[in-house]
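The values are calculated or read from the model by the stated rules, or taken from the named source; none is laboratory data. A quick note: this is a predicted structure, and the numbers were derived from the prediction, not measured. Cβ atoms come from the backbone with ideal geometry, glycine included; neighbour counts cover every protein chain shown. SASA here: full protein model, heavy atoms, side chains in, ligands and nucleic acids out. Shrake-Rupley method; radii C 1.70, N 1.55, O 1.52, S 1.80 Å.
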2 protein chains.
Amino acid sequence: MSEHFSIGVIQTAITGDSDSTCDRYEHLIAETAKAGAQIICIQELCNSKYFCSVEDHRFFELAEAEDGPLVSRFRGLARSLSVALVIPFFERRAAGVYHNSAAVIDADGSLLGVYRKMHIPDDPLYYEKFYFTPGDIDPGYQVFKTKYGTVGVLICWDQWYPEAARITSLMGAEVLFYPTAIGWHPAEKEEFGQQQKSAWQTVQRSHAIANGIYVAAANRVGFEETENTDGLEFFGGSFICDPGGTMLAEASDKEEFLVARCERKAIEESRQLWPFLRDRRIDSYASIVKRWID
Amino acid sequence: MSEHFSIGVIQTAITGDSDSTCDRYEHLIAETAKAGAQIICIQELCNSKYFCSVEDHRFFELAEAEDGPLVSRFRGLARSLSVALVIPFFERRAAGVYHNSAAVIDADGSLLGVYRKMHIPDDPLYYEKFYFTPGDIDPGYQVFKTKYGTVGVLICWDQWYPEAARITSLMGAEVLFYPTAIGWHPAEKEEFGQQQKSAWQTVQRSHAIANGIYVAAANRVGFEETENTDGLEFFGGSFICDPGGTMLAEASDKEEFLVARCERKAIEESRQLWPFLRDRRIDSYASIVKRWID
């Protein structure tokens, strides 16, 4: 096994239909691969505007199966570029069973599996509980052994849950990818915008630190209008940090891709120098499965 | 119940014996109370140099019982100032059973209880496993209802474990105190010092964010020499942050105290605006009690 592998994340604005958006991803993924990335993650619900800002049954028609045209197209791309891909999509698993998912595709185009978002938000303009049923318990958290490295995938709201990062790390992930669609409400941006972005970054960096693992977040950018609302301004700021939580690359609020090299030695050394996994009190965590400890 | 309460943390260098050190704390606690603090936390193993930088059986003589002179003295101080105190000390619970503990004293001088550090490090110059047996499972994590607010206490190495912060938060803590003794090895400071301090701060801020809770860290300062070593430079940087992870106060690397006001409304609002507790997948966390998921 190689001593290192390179990862990339891509952020872009959604301005057109699924086909033109995927054309854009093809171009960006090729560029990211050319810059050295071997495993590339694009943003949550990659091929459409963030439709969850309204509750509208018509949007269920955007969902497709894991062997549908979207995943199939990216399987072909992965094979032709010899890169592994994390492709987040709106999944139709069965009539009435829809997920916010990410397909993990190996560099030979094979589908390694699908991660289904475990934690589903519901906030003003993020009405995800209307669309998505949460991921199963088994398989819930997963790791995927790609040609280049073992990746864990968690999606957006999952990022606020250290339990999810911990369990995926304990399964052997070398990097956690967080495809994301987080933005500001225009009315809140001035007062709370920086705090919200800082909290988002801080909590994910903390997963890298606590678990001695690389973390890579891919967020969308651009302003998306929604009928009868002020819309959402997706703030980008995709990043890659190392197992000490140090930023290796950080994006602006514009279309951009990032590439960083992950050293296997850095994971091992980080866990030797700050041996948090050694000292976990696994005998004392049972009550973490409680809703509240009365 | 009041809409708010004020907390303080104190950091200082240890230069003398226990008595003179406690004299200094008495002065500093009185100043911190005068500045408005109602619950005050001082640093880990408060009344001696950080003896764990060597393994020497003689240091067991520093340990004392929860009803020993150190805790008794601070109980008197708490009563006279009407403040609640978190007093970290080297506890002798029984012959051969020593803990790295913190006494929580209410504003009337009563001893509410003792938290015993759950996660014990062992690293060059931090040979804590030699001295301390880890805290029990029951009671392991605890909260203490002081006159002014409900506090959770976790000690130093505990801060790297999101499980500990989560469980203590679920027990109803309004603020997590982290008495600490973390410093730099002089040979590492230039290359790694800022990364280490940043990681330390980041992971604790993340506990505030993930749990919607105030976090206050009290670290020691000063350079402490140890025979046959380069010594340790404790970096201070004590801080208090709000439930969004925003810094309310942050100390230098010198003796200092910090005071900040905690608004109960801020905890509630934080958990309404970013309702992470609502969406926890408690059905999916069982494997967090595994050492590694093979």
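Laid out as a table, the results:
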read-out	value
Per-region count, the range B:262-281, residues hydrophobic (A, V, I, L, M, F, W, C) and either part of a helix (DSSP H, G or I) or within 21 Å of B:Ser6 (Cβ to Cβ) (or both)	4
Residue satisfying all of: in the range A:1-43; among the aliphatic types (A, V, I, L, M) and over 15 Å from A:Ala107 (Cα atoms); modelled with the lowest pLDDT among these	A:Met1
Whichever residue in the range A:187-204 is more than 10 Å from chain B (Cβ to nearest Cβ) and touching a strand residue (DSSP E or B) at 6+ places or on another chain (Cβ under 6 Å) and, among such residues, is surrounded by the fewest Cβ atoms within 10 Å (Cβ to Cβ)	A:Gly193
For A:Gly109: the one exception among (1) within 11 Å of another protein chain (Cβ to nearest Cβ); (2) open to solvent by less than 10 Å² (accessible area, probe 1.4 Å)	(1)
Subset of the range B:15-39 (residues that are open to solvent by less than 40 Å² (accessible area, probe 1.4 Å) and out of contact with any Leu (no Cβ under 9 Å at 6 or more places or on another chain))	B:Gly16, B:Thr21, B:Leu28, B:Gly36
Yes/no for A:Val259 being under 21 Å from A:Cys46 (Cα atoms), within 12 Å of another protein chain (Cβ to nearest Cβ) and not in a helix (DSSP H, G or I)	no
Answer residue from the range A:138-182, given it is charged (D, E, K, R) and more than 16 Å from B:Arg280 (Cβ to Cβ) and is surrounded by the fewest Cβ atoms within 10 Å (Cβ to Cβ) among those	A:Asp138
Number of positions in the range B:81-96 that are open to solvent by 10 Å² or more (accessible area, probe 1.4 Å), touching a residue at least 12 places away in the same chain (Cβ under 8 Å) and among the small types (Gly, Ala, Ser)	1
Positions within the range A:269-286 being surrounded by fewer than 16 Cβ atoms within 10 Å (Cβ to Cβ) and within 7 Å of chain B (Cβ to nearest Cβ), in sequence order	A:Ile282, A:Asp283, A:Ala286
Strands (runs of 3 or more DSSP E) enclosed by the range B:1-107 - at least 1 residues per element that are touching a His at 6+ places or on another chain (Cβ under 6 Å) and of a type outside the set (Val, Ile, Thr)	B:84-94
Selected residue [out of contact with any strand residue (DSSP E or B) (no Cβ under 9 Å at 6 or more places or on another chain) and not polar (S, T, N, Q)] from A:Glu263, A:Glu233, A:Glu255, A:Glu227	A:Glu227
Hey, B:Ala210 more than 17 Å from B:Ile87 (Cα to Cα) and free of Cβ contacts under 8 Å to residues at least 60 places away in the same chain or not	no
Residue count, the range A:109-121 (criterion: in contact with a strand residue (DSSP E or B) (Cβ under 9 Å, 6 or more places away or on another chain) and in a loop (DSSP other than H, G, I, E, B))	2
Any hit, the range B:158-172, residues being of a type in the set (A, V, I, L, M, F, W, C) and more than 9 Å from chain A (Cβ to nearest Cβ)	no
Cβ pairs under 7 Å, 6+ apart, first in the range B:245-269 and within 20 Å of A:Phe192 (Cβ to Cβ), second among the hydroxyl-bearing types (Ser, Thr, Tyr) and open to solvent by 40 Å² or more (accessible area, probe 1.4 Å)	B:Gly245/A:Ser198
Out of A:Gly236, A:Gly244, A:Gly222, A:Gly231, sole residue that is open to solvent by 10 Å² or more (accessible area, probe 1.4 Å) and under 19 Å from A:Ser48 (Cβ atoms)	A:Gly222
Which numbered condition A:Asp122 misses (of (1) more than 9 Å from chain B (Cβ to nearest Cβ); (2) open to solvent by 20 Å² or more (accessible area, probe 1.4 Å); (3) of a type outside the set (Lys, Arg))	(1)
Residue count for the range A:167-185, restricted to those that are in contact with a Pro (Cβ under 7 Å, 6 or more places away or on another chain) and more than 16 Å from A:Gln43 (Cβ to Cβ)	0
